[in-house]
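To start, the structure itself, in structure tokens.
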Amino acid sequence: MKKIILLTLLFVSSIGLNAQTKNNKEASANFQGLKIVFQLTSADTLIHQNLMNQLKNYWSVAPDTQFEVVCHSAGLNMLLKNTCVIQDDIKMYADKGVSFVACEFSMKKKNVTKDQLVAGSSTVTSGVLEIAKKQQEGWSYIKL
């Protein structure tokens, strides 16, 4: 009797897993070719953590999506070694292809050098112009 119950549970579980895998594949196909640029201007670490949660969710259903996070003004804090609370997450997503970029104008204003940025990040001359360029290239824009 125990074997029958165990086999039944295993069978039901496998059906659920197969349905979930099928749903994930269908969802992924629905999001092919997406490109999203995020604008971050907040120093609030809760917003930074929320962004990582959002990326985790997006990545789970649309792993082929291109993402770029543009940090300028107070948002630059997310990419500074001494203020960043999500350095491991940034490195992990950067390794998966997500771009995290710091505005060089904001860096200059705050006397920040490139060596003060977290691993996995890079720079652009102007955060706002980078976002405008991405939109011109067909990227969707999300303000954080």
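The values are calculated or read from the model by the stated rules, or taken from the named source; none is laboratory data. Source: prediction; values computed, not measured. We place every Cβ from the backbone using ideal geometry, glycine too, and count neighbours over all the protein chains shown.
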Filter region 101-134 down to the residues that are loosely packed, with under 13 Cβ neighbours inside 10 Å and touching a strand residue (DSSP E or B) at 6+ places or on another chain (Cβ under 7 Å), then identify the one that is farthest from Cys71 (Cα to Cα). Lys114
Name the one entry in Val85, Val70 that is assigned to a loop (DSSP other than H, G, I, E, B), closer than 18 Å to Thr45 by Cα and modelled with pLDDT of 95 or more. Val85
Just need a number here: residues in region 34-49 that are in a loop (DSSP other than H, G, I, E, B) and without any contact (Cβ under 8 Å) to a residue 12 or more places away in the chain. 1
Residue count for region 50-66, restricted to those that are surrounded by 14 or more Cβ atoms within 10 Å (Cβ to Cβ) and not in a helix (DSSP H, G or I): 3
